[in-house]
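K.L.:
The structure follows.
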Amino acid sequence: MSVASSSSVSSMIRQPVVAGRFYPGDPAGLRREVAGYLAQAAPRSEKPTLLAMVPHAGYVFSGLVAGRTLGAARLADRLLLLGPNHTGQGARLAVWPEGAWLVPGCEVPVDAGLAGELMAAAPRLASDVAAHMGEHSLEVELPFLCAVNPGARIVPICVAEPDPGVLREVAGAIVAVLRELSHPVSIVVSSDMSHYISHTAAKKRDSMALSRVLALDPEGLCAVVRSEGITMCGVLPMALGLFVAIGLGARDALLAAYATSGEVTGDMEQVVGYAGVLVS
């Protein structure tokens with residue numbers, strides 16, 4: 001377990017690390033860009049959203065998919081944020097335990113009480129900020145979440161646990177906690193899909209992974225990603241999120257949007273795939 005001191009993380013405030021690179025660094029410009037993407041969404045779902053999966057690339061590439069997905073979602077005010085660990089730092093299941101996360105023009109408080117309950121129920125969840133300090137995947141979603149749920153409180157978890165059995169076990173403990181709450185909790189999973197292959201190959205491989213997501217089959221998702229070599233960076237947080245959503249009664253999954261970077265750059269030989277999914 002690794003817990004940063006208050007000197008290294010000022011009062012547990014997580015500062016943005018990709019503002020001005022992945023998304024605009026000025027609050028007004030960021031609000032305008034996010035609003036433009038959200039305006040492209042289908043009408044908001046009538047059902048509460050248990051889980052939304054959205055991409056985390058630079059907004060020029062993935063912002064439209066994120067906007068079409070989160071703009072159609074009906075998220076709760078308490079959000080469990082699950083993202084991959086690109087840096088290799090920190091614990092396998094790393095919880096940012098308290099404080100707040102900042103992005104330009106918005107401060108999102110961490111639900112310290114819920115974070116504590118989850119860690120008490122699932123000892124594999126570690127209070128660990130090291131995994132989050134240089135990790136962009138959850139930060140990139142926050143401007144969208146600030147726009148659609150300005151009163152949101154979050155529990156950010158960086159997921160690098162590779163064993164589906166462990167993810168299932170942890171999900172069971174999370175579900176037990178969430179079922180006892182007096183308020184609903186939604187899950188937001190951050191994941192891109194295939195990386196640096198052709199547009200045609202990405203669509204084919206991503207459809208294999210997404211078929212298991214839409215079937216609410218986390219074990220099958222892990223298996224097909226492994227067997228087919230699909231470079232879906234958020235497969236582990238998505239598997240954990242699906243286990244939790246199923247435990248909370250998930251019945252339906254919808255592909256809200258799909259695109260590749262080639263549709264923006266014109267380079268169809270080296271693309272990254274982006275998908276948006278809503279589970280209710």
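The values are calculated or read from the model by the stated rules, or taken from the named source; none is laboratory data. Worth saying up front: this structure is predicted, and the values here are computed from it rather than measured. Note: ideal-geometry Cβ built from the backbone for every residue, glycine included; neighbour counts use all protein chains shown.
K.L.:
If Phe243 passes every condition in (1) within 13 Å of Val272 (Cα to Cα); (2) in contact with a Pro (Cβ under 8 Å, 6 or more places away or on another chain); (3) of a type in the set (Phe, Trp, Tyr) but one, which one does it miss?
P.N.:
(1)
K.L.:
Under 7 Å by Cβ, and 6 or more places apart or on different chains, what pairs join a residue from the stretch 257-278 that is modelled with pLDDT of 95 or more and surrounded by fewer than 23 Cβ atoms within 10 Å (Cβ to Cβ) with one that is assigned to a strand (DSSP E or B) and of a type in the set (A, V, I, L, M, F, W, C)?
P.N.:
Qualifying pairs under 7 Å: Tyr258/Ala275; Gly262/Val271.
K.L.:
Output the residues belonging to the stretch 143-158 that are part of a loop (DSSP other than H, G, I, E, B) and touching a helix residue (DSSP H, G or I) at 6+ places or on another chain (Cβ under 6 Å).
P.N.:
Ala152
K.L.:
Based on what the data block shows, is Pro55 surrounded by 14 or more Cβ atoms within 10 Å (Cβ to Cβ) and in contact (Cβ under 8 Å) with a residue 40 or more places away in the chain?
P.N.:
Answer is yes for this residue.
K.L.:
Search the stretch 1-60 for residues being at positive phi and not aliphatic (A, V, I, L, M), and hand back the single one that is modelled with the lowest pLDDT.
P.N.:
Among residues in the stretch 1-60 that are at positive phi and not aliphatic (A, V, I, L, M), the one modelled with the lowest pLDDT is Ser11.
Rundown of residues vs (1) surrounded by 20 or more Cβ atoms within 10 Å (Cβ to Cβ); (2) more than 17 Å from the chain's Cα centre (by Cα); (3) hydrophobic (A, V, I, L, M, F, W, C), yes/no style:
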{"residue": "Gln15", "(1), (2), (3)": "no, yes, no"}
{"residue": "Tyr37", "(1), (2), (3)": "yes, yes, no"}
{"residue": "Leu75", "(1), (2), (3)": "yes, no, yes"}
{"residue": "Trp101", "(1), (2), (3)": "yes, no, yes"}
{"residue": "Gly113", "(1), (2), (3)": "no, yes, no"}
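K.L.:
Given the stretch 164-230, what helices (runs of 4 or more DSSP H) lie entirely inside it while holding 1 or more residues that are within 19 Å of Ser62 (Cα to Cα)? Break it down stepwise before answering.
P.N.:
Numbers: elements: 164-179, 199-214, 218-228.
Of the helices (runs of 4 or more DSSP H) lying wholly inside the stretch 164-230, those with at least 1 residues that are within 19 Å of Ser62 (Cα to Cα) span 199-214.
K.L.:
OK, next. Taking the stated definitions as given, is Leu118 in contact (Cβ under 8 Å) with a residue 40 or more places away in the chain and buried (at least 18 other Cβ atoms within 10 Å of the Cβ)?
P.N.:
Yes, satisfied.
K.L.:
Is there a residue in the stretch 194-209 that is under 29 Å from Leu114 (Cβ atoms) and either crowded, with 21+ Cβ neighbours inside 10 Å or of a type in the set (Ser, Thr, Tyr) (or both)?
P.N.:
Checking the stretch 194-209: not a single residue is under 29 Å from Leu114 (Cβ atoms) and either crowded, with 21+ Cβ neighbours inside 10 Å or of a type in the set (Ser, Thr, Tyr) (or both).
K.L.:
Considering the stretch 25-35 alone, what residues qualify as being surrounded by fewer than 19 Cβ atoms within 10 Å (Cβ to Cβ) and in contact with a helix residue (DSSP H, G or I) (Cβ under 9 Å, 6 or more places away or on another chain)?
P.N.:
Arg31, Glu33, Ala35
K.L.:
Could you please let me know if Thr69 is in contact (Cβ under 8 Å) with a residue 60 or more places away in the chain, of a type in the set (Val, Ile, Thr) and either on the phi > 0 side of the Ramachandran plot or in a helix (DSSP H, G or I) (or both)?
P.N.:
Answer is yes for this residue.
K.L.:
Same structure again: Can you give me the number of residues within the stretch 210-228 that are of a type outside the set (Val, Ile, Thr) and without any contact (Cβ under 8 Å) to a residue 24 or more places away in the chain?
P.N.:
8
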